[in-house]
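Visitor: Below: one structure in structure tokens.
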Amino acid sequence: MKSPLLSLPGAVPAEGRDEGVAAHYGDLFREQRTLADGSGLVDLSHRAVVTVTGDDRLAWLHLLLTQHVSDLAPNQATEALILSANGHIEHALYLVDDGTTMWMHAEPESQGELIAYLESMKFFYRVEVADRTEDFAVVHLPAGSIAEVPDGAAVRETAHGRDLFLPRADLEAYASAHGPVAGILAYEALRVEAHRPRLGFETDHRTIPHELGWLGSAVHLQKGCYRGQETVARVHNLGKPPRRLVFLHLDGSEVYLPGHGTPVRLAADGEEGRQLGFITTSARHHELGPIALALVKRNVAVDAELIAGDTAAAQETVVEP
């Protein structure tokens, strides 16, 4: 779904998973600084929007999600995952309930699979699941923003900012009143700086929540059963995850950033050494320079000097080994 904000001056379309919104509007670092200062907004209108209504919505979702939501207070934001039977991450959901409706946004184009799963689990529960992506756009306001929130809009208030679910027809007018608009690359750079994982970037087909630090924000370890819970409990109580997320400071003298999937190795072993992991997301940060997140084997020493492709990389621990 192509955003109308791509018609703004300087807009350069994003590619890949974020196609449909702007990568940037002509000045990546200025856009990052604007967001870091608590101003402007980010167009996330390409993200999937799904709602659940009905008297049983909280109790029903509580049975399906990794998060404790049966007693979720109105307007309290939370995150949750949907796992496979083996505990691998299938969906990452960003949720808020307004008292009558549970609003969630998820990765672009994921609503079909998400809704199909939810519909298959309805049974006798009084719930209705709806795809609202064509009607509502997600807009992100950075932490510290004083931009006005329209009356009646569902809002996810978090430490990283506010996600608004705006009628898609109001997107242009809202951006005009509360801009400037920053592109998805600025948003992603700040996400990497904050060590926040993203489905499809920091995950692959076998990722479990422990590897990415999602236990702290998206998984409740004392709630009842849900699909994949046995893996979550077993690894948490009896073992360690096979991989762990790390934050990398990349060599700033390199022209190109190592892309998603670039092998990570020990610097001492060189480019022919054994692969220990891979780059998940890389970005150019307005203060830190080139940075990245990577998923590496758990037993990689926390002080090991690494290379991503042929780029030197110094690591910081995100998930403890």
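The values are calculated or read from the model by the stated rules, or taken from the named source; none is laboratory data. Owing to the predicted nature of the structure, the values given are computational and were not obtained by experimental measurement. Here the Cβ positions follow ideal geometry from the backbone for every residue, glycine too, while neighbour counts run over all protein chains shown. To get the accessible areas, we keep the full protein, side chains included, count just its heavy atoms, and leave off ligands, DNA and RNA. Shrake-Rupley method; radii C 1.70, N 1.55, O 1.52, S 1.80 Å.
Visitor: Identify the residue in region 12-36 that is touching a residue at least 24 places away in the same chain (Cβ under 8 Å) and in a loop (DSSP other than H, G, I, E, B) and, among all such residues, is farthest from Leu288 (Cα to Cα).
Guide: Gly20
Visitor: Just to be sure before I move on: is Leu257 within 26 Å of the chain's Cα centre (by Cα) and touching a residue at least 60 places away in the same chain (Cβ under 8 Å) in the structure I sent? Steps first, please.
Guide: On the way: within 26 Å of the chain's Cα centre (by Cα): yes; touching a residue at least 60 places away in the same chain (Cβ under 8 Å): no.
Answer is no for this residue.
Visitor: Among Val255, Val264, which is the only one that is over 23 Å from Pro197 (Cβ atoms) and among the aliphatic types (A, V, I, L, M)?
Guide: Details: Val264 fails: over 23 Å from Pro197 (Cβ atoms).
Of Val255, Val264, the one residue that is over 23 Å from Pro197 (Cβ atoms) and among the aliphatic types (A, V, I, L, M) is Val255.
Visitor: Here is a list: Ile115, Ile146. Which entry is closer than 30 Å to Arg206 by Cβ and aliphatic (A, V, I, L, M)? Lay out the reasoning, then the answer.
Guide: Values: Ile146 fails: closer than 30 Å to Arg206 by Cβ.
Of the residues listed, the single one that is closer than 30 Å to Arg206 by Cβ and aliphatic (A, V, I, L, M) is Ile115.
Visitor: Do any strands (runs of 3 or more DSSP E) lying entirely in region 123-172 carry at least 3 residues that are farther than 26 Å from Leu8 by Cβ and in contact (Cβ under 8 Å) with a residue 40 or more places away in the chain, and which ones are they?
Guide: Numbers: elements: 128-131, 136-142, 154-158, 161-167.
Hits in region 123-172: 128-131.
Visitor: Kindly indicate which of Leu190, Leu199, Leu248 is assigned to a loop (DSSP other than H, G, I, E, B) and open to solvent by less than 50 Å² (accessible area, probe 1.4 Å). It would help to see each step written out before you state the result.
Guide: On the way: Leu190 fails: assigned to a loop (DSSP other than H, G, I, E, B); Leu248 fails: assigned to a loop (DSSP other than H, G, I, E, B).
Of the residues listed, the single one that is assigned to a loop (DSSP other than H, G, I, E, B) and open to solvent by less than 50 Å² (accessible area, probe 1.4 Å) is Leu199.
Visitor: I've got another one for you. From Ala80, Ala73, which residue is at pLDDT 95 or above, in a loop (DSSP other than H, G, I, E, B), small (Gly, Ala, Ser) and under 30 Å from Thr231 (Cα atoms)? Working first, answer last.
Guide: Details: Ala80 fails: in a loop (DSSP other than H, G, I, E, B).
After ruling out the rest, the residue left standing is Ala73.
Visitor: Same structure again: In region 85-100, which residue that is assigned to a loop (DSSP other than H, G, I, E, B) and not aliphatic (A, V, I, L, M) is least open to solvent (accessible area, probe 1.4 Å)?
Guide: Residues of region 85-100 that are assigned to a loop (DSSP other than H, G, I, E, B), as a first pass: 85-88, 98-100.
Now restrict to residues that are not aliphatic (A, V, I, L, M): 86-88, 98-100.
Details: Asn86: 104, Gly87: 0, His88: 51, Asp98: 61, Gly99: 39, Thr100: 90 Å².
Residue satisfying both the conditions and the ranking: Gly87.
Visitor: Got a sec? Which of Leu64, Leu72, Leu28 is closer than 30 Å to Phe124 by Cα and either touching a His at 6+ places or on another chain (Cβ under 9 Å) or open to solvent by 30 Å² or more (accessible area, probe 1.4 Å) (or both)?
Guide: Numbers: Leu64 fails: either touching a His at 6+ places or on another chain (Cβ under 9 Å) or open to solvent by 30 Å² or more (accessible area, probe 1.4 Å) (or both); Leu28 fails: closer than 30 Å to Phe124 by Cα.
None of the others qualify; the one that does is Leu72.
Visitor: Among what's in region 304-316 and is among the charged types (D, E, K, R) and touching a strand residue (DSSP E or B) at 6+ places or on another chain (Cβ under 8 Å), pick the residue that is most open to solvent (accessible area, probe 1.4 Å).
Guide: Within region 304-316, the subset among the charged types (D, E, K, R) is 305, 310, 316.
When the remaining residues are screened for being touching a strand residue (DSSP E or B) at 6+ places or on another chain (Cβ under 8 Å), the result is 305, 316.
On the way: Glu305: 139, Glu316: 75 Å².
Step by step, filter region 304-316, then rank; the result is Glu305.
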